[in-house]
Structures are given as C-alpha cells and as structure tokens.
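To keep things clear, I will list the structure first and then write my remarks on it.
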Amino acid sequence: VDESVQPQVLMDRSLEAVADYIKSGQVKRICVMTGAGISTAAGIPDFRSPGTGLYANLKRLNLPHAEAVFDISYFRNNPDPFYVLAQELYPGKFYPTISHAFIALLARKGLLDMLFTQNIDCLERRAGVPADRIVEAHGSFATQRCIDCKVEFPEDKMLEHIQASRVPRCEDRECRGLVKPDIVFFGEPLPRDFSAKSPRASMADLTLILGTSLTVFPFASLPELVTRGKPRVLFNMERVGSLGSRPDDVLALGQCDEGVRKLAKALGWDEELDTLWRNV
Ligand code: APR
C-alpha cells in the first residue's frame, strides 16, 4: 500500500492533533495496550528498566536467570522464589495512576473498545475500567488454582499463605499439587480471551500504547494488527517495537502520566480526569 496516498487523519504527529482527531467525532473505537510502565508510578517496579526493574533486583532469589521466577517448569521444582515475590506484588497495597484513570475515562465516554493489558496488578479494574472491556493477556492475581488438577483455591486461604510466605498446596488429599495465581507464566498459553479479542485491534480508529517494552510475544504483535491509516500513539520512556515507522504514528516519549495529562488537557478533559483519579 502506498502510504503517501493514505488520507492523513492527523494534522501532524502531535498529541494536539490526536486530540483534534478525537474531537472531530471520527473516533468511535479506541484500543489501548498497556504494560508495567503504567504502574511504576504506583510503586510497582516494571520488569526491564535498568536498575529499578524487577529483573535487575532478584539476586536474593538465586535464580538461574531472572525470568525463571515466572517460568512454569522452574516453579514446579522450586515455587519458593515466586512466593517471596508474590508477597511484594500482591494487589491491594497499590493505587491506580493517572494513566489508569485516563483509560477508565475513555470507557466512561464510550470510546474504549478494548484494553489489552500485560499487567497482573488489577489496577485497571480498580480504576473503574469495566471488566468486559479488559483483556488481561497475562492473567492476574484475581484467582488461583492447583496447577495439576486445576481446581480453584479459595482467595482467603491464598491471602493467608502469601502473607505468611507459605507455598499453598491443593486441598484435595489425592492431589496436593502446587497452587499458583492465574497469572500466565513463561511456558503457559495465554487466556483464550486474548486470541478471541485480539482481532479487535484491527478495528480501532485510534490505538494508544502505554508503558511497555513490547518484548514479550504474542502480546507484542498487537500493534502490528492496527489498520494502516489509523494512528498509533506511544506513551513510553523510549521508542519500542515498530512505533514511529508509520506516517501517522505519534511518539509521546517520557513519563506516561505526563503524556496522558497533556492529551487530556488538549481534549479539555483535565478536570474530569483529576476528579475521576481522586475518587477511584
Ligand atoms: N512512563 C513511561 N514509560 C515507562 C515508565 C513511566 N513511568 N516506567 C517504565 N516505563 C517503560 C520502560 O521504559 C519500558 O519500556 O515501560 C516499559 C516497561 O517494559 P517491561 O519492564 O518490559 O514491562 P512489560 O513490557 O509490561 O513486560 C512484558 O514481560 O516479564 C514479562 O509477563 C511479564 O507482562 C510482562 C511482560
């Protein structure tokens, strides 16, 4: 496709032009894709930021390699490192950021078609994004089950075990398998919801990508599904994936909360965003 003949929907590659595009009424479906970068401002480390990322701070767990802590075959042999980490990551202690609130605001305005998140912290739900508008591509801590018989494990007992840093085991005497939260480990398939809903990325009039290195597939292939001629906006510290390669890609590099505030201001939604954020 010769992109030079594509009708440019953006006046230029700025957040102000994105705001004009939204205000023009041409935008009916916004697709959002997020990673750990939108929760660092909430106090949850991301994975790969040099120095501060989780993978740079797991020395105390003596892992063969950092990602082993989320590897299903490693977990089967040695579940302890994961449960040390789970105590620090378990949801409930953290608060949604302005970026989470912005996604909830898009939903409130009927503009959010689908949010695809890689995060397991449930902060999007906490911010008020409706469950039917969220695909938790890497699962979440919301539920847990035995990895052998798949029987669900009670949440209150899970909480007790995590707080006591005790490894929970299946309550079925015949089974006694290891219990793991329903987060997707390396070596496990993504939820069916992901493959069922990922085609919606190709229907978006506008795609916002926030706080992800786009290093883990198949999630990282989502931005490629976006139809050419439909703008993709990256809110991230650095350029990632193929973002910036298309004529209507917009790069808002820096803290995602700042980029989101700038877009909200250009839309005239800054007060509404702040109020929503303060009340989540
Ligand atoms: N503002 C903007 N960008 C940020 C911010 C911030 N406040 N904080 C971090 N970032 C950026 C980092 O620069 C990096 O590009 O967010 C990205 C985070 O990348 P990762 O740490 O790799 O996190 P993520 O992309 O979500 O990882 C994907 O890897 O370990 C697996 O399953 C795990 O879901 C996770 C997947």
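Descriptive notes on the structure:
- Selection among 175, 30, 213 by position relative to the dipole of the chain gives 175 as farthest towards the positive end (Cβ unit charges, Cα centre).
- Computed with a 1.4 Å probe over protein heavy atoms only, the accessible surface of the chain comes to 46 Å² per residue.
- Span from the region 207-256 Cα centroid across to the region 98-153 one, whole angstrom: 20 Å
- Region 189-270, dipole about Cα centre (Lys/Arg Cβ +1, Asp/Glu Cβ -1), debye to the nearest 20: 200 debye
- Label zone of residue 169 (point 7 Å out along Cα→Cβ, amide N under 17 Å): in region 75-108 this covers 75-81, 83.
- Sulfur and carbon atoms: percent of accessible area, region 181-275 [1.4 Å]: 54 percent
- Relative to the longest principal axis of the Cα atoms of the chain, the long axis of helix 270-279 makes an angle of roughly 20 degrees.
- Basic side chains Lys and Arg get +1 at the Cβ, acidic Asp and Glu get -1 at the Cβ, and with that the dipole of the chain about its Cα centre reaches some 140 debye.
- The per residue volume of the convex hull around the alpha-carbon atoms of region 166-205 is 121 Å³.
- DSSP bridge pairs, the chain: antiparallel proportion in percent, nearest 5: 20 percent
- Summed side-chain charge close to residue 14 - residues other than residue 14 whose Cβ falls under 10 Å, Lys, Arg +1, Asp, Glu -1: -1
- Modelled label reach - residue 193, point 7 Å along Cα→Cβ, region 115-139 residues with backbone N closer than 13 Å: 115-126, 129-139
- C-alpha long axis of helix 98-108 to longest principal axis of the chain, angle in °: 70 degrees
- The overall shape of region 189-232 is oblate: from the C-alpha gyration tensor, with semi-axes ordered a ≥ b ≥ c, the ratio a/c is 1.5 or greater and a/b is no larger than b/c.
- With every protein chain in place and a 1.4 angstrom probe, the accessible-area ranking of 20, 248, 182, largest first, reads 20, 182, 248.
- Available extension along the chain between residue 67 and residue 108 is 11.1 nm, counting 0.36 nm per residue and deducting the alpha carbon span.
- Residue (of 97, 65, 151) at the positive-pole extreme of region 58-173, dipole from beta-carbon charges: 97
- Nearest 10 degrees, 0 to 90: helix 80-89 Cα axis against the chain principal axis: 50 degrees
- Isotropically averaged projected area of the chain, using the convex hull of Cα atoms (one quarter of hull area), nm²: 15.2 nm²
- Only DSSP H runs of four or more residues enter the estimate; each adds -39500 (n - 2.57), and after division by the residues of the chain the mean residue ellipticity at 222 nm equals -8000 deg cm²/dmol.
- Placed amide H near residue 208: partners under 5 Å, 5+ positions off or other chain: 31, 32, 33, 233
- Unit charges on C-beta of K, R, D, E only; dipole of region 128-280, Debye: 380 debye
- Packing around the peptides 126-135, 109-118, taken as the average count of other Cβ atoms within 10 Å per residue, puts them in this order, highest first: 109-118, 126-135.
- Of 174, 155, 124, the one that fluctuates the most in a GNM where the chain has Cα springs shorter than 10 Å: 174
- Sulfur and carbon atoms: percent of accessible area, region 20-154 [1.4 Å]: 52 percent
- Virtual spin-label span in nm between residue 156 and residue 258, 7 Å along Cα→Cβ: 4.7 nm
The values are calculated or read from the model by the stated rules, or taken from the named source; none is laboratory data. Since this is a predicted model, take the numbers as computed values, not measurements. With ideal geometry, Cβ positions are generated from the backbone for all residues, glycine too; neighbour counts draw on all protein chains shown. Note: accessible area is taken over every heavy atom of the protein model, side chains too, but ligands, DNA and RNA are not part of it. Shrake-Rupley method; radii C 1.70, N 1.55, O 1.52, S 1.80 Å.
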